[in-house]
Amino acid sequence: MGAQRVLQVADKSIKGNSQWVATLTHDPSGSMIATGGWDKSIRIFDIESGKVVLKIRGTLFTGHHDRVYGLQYSKDGRLLLSASGDRTARVWDVQAETCVKNMHGHTGDVKRTILSEDGNIIVSAARDKTIKLWDWRVQHHIRSLSDPKGWVEDIALSPDGRSLYSVGASGCIKVFRPSKHPQRALRTRKLR
């Protein structure tokens, strides 16, 4: 007797995106889900009804003008962070339906943005081989960290905020201590 495989069929399908969806995240209440992708737009859906409750159009003046690769809500759900191929990381006030900060400085697609536990620092990772730390409230670039071996695809902060982890083209998990300058790289095994 071989192993049994169980196929789970989706309970629900929410439509509303016009092109490939690259990222999604839910708000802290669990009632809304935000999506972003190749159509340069961010859409926020009510999960129960499946309806779009907010659409941030992808244009030069109102939203990103390239693909949206990463999204994250703040802990209180008031703010939404976005990362884009237009080389920016943005902060959106969800209720006001407006961009409140636009961080420029990367020279490649920004793949991921995350917010520190205290909500004051945004960390952005890009295909320009850098990670940037920003005080988003005053739109100030604090520091850049680099991975000379390749672009950065994803990042995570430790719960205490003392360690920053990155993965990407280098094939390693990089461990940064933003309060110190040196970095350590932990080799990862290739998945088969």
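The values are calculated or read from the model by the stated rules, or taken from the named source; none is laboratory data. As the structure is a computational prediction, the values presented were derived from the model and not from experiment. Methodologically, a virtual Cβ is constructed for each residue, glycine included, from the backbone with ideal geometry; neighbour enumeration extends over all protein chains shown.
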Which of (1) in contact with an Asp or Glu (Cβ under 8 Å, 6 or more places away or on another chain); (2) at pLDDT below 95; (3) closer than 21 Å to Trp134 by Cβ is the odd one out, the single condition Leu79 does not satisfy? (2)
Within the range 65-81, residues being within 10 Å of the chain's Cα centre (by Cα) and under 19 Å from Val138 (Cβ atoms) number 1
Per the filter on the range 119-177, residues hydroxyl-bearing (Ser, Thr, Tyr), more than 18 Å from Ser74 (Cβ to Cβ), under 17 Å from the mean Cα position of the chain (by Cα) and crowded, with 18+ Cβ neighbours inside 10 Å are Thr130, Ser166
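Inside the range 23-32, can you point out the residues that are buried (at least 18 other Cβ atoms within 10 Å of the Cβ) and under 14 Å from the mean Cα position of the chain (by Cα)? Step through it out loud before you land on a result.
Initial filter on the range 23-32 (buried (at least 18 other Cβ atoms within 10 Å of the Cβ)): 23, 27, 32.
The answer is Thr23, Asp27.
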Filter the range 107-118 down to residues that are touching a residue at least 40 places away in the same chain (Cβ under 8 Å) and polar (S, T, N, Q) and give me whichever is surrounded by the most Cβ atoms within 10 Å (Cβ to Cβ). Thr113
If we keep only residues of the range 164-179 that are assigned to a loop (DSSP other than H, G, I, E, B) and under 18 Å from Asp135 (Cα atoms), then the residue modelled with the lowest pLDDT is Ser179
Exactly one of these conditions fails for Ser84: (1) of a type outside the set (Lys, Arg); (2) surrounded by fewer than 19 Cβ atoms within 10 Å (Cβ to Cβ); (3) modelled with pLDDT of 90 or more. Give me its number. (2)
Report the residue count in the range 138-163 for those that are outside any strand (DSSP E or B), of a type in the set (Lys, Arg) and touching a residue at least 24 places away in the same chain (Cβ under 8 Å). 0
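In the list His64, His104, which residue meets the criterion of being closer than 30 Å to Asp147 by Cα and buried (at least 18 other Cβ atoms within 10 Å of the Cβ)? If you could, list the steps in order and put the result at the bottom.
Values: His104 fails: buried (at least 18 other Cβ atoms within 10 Å of the Cβ).
That would be His64, the only listed residue that is closer than 30 Å to Asp147 by Cα and buried (at least 18 other Cβ atoms within 10 Å of the Cβ).
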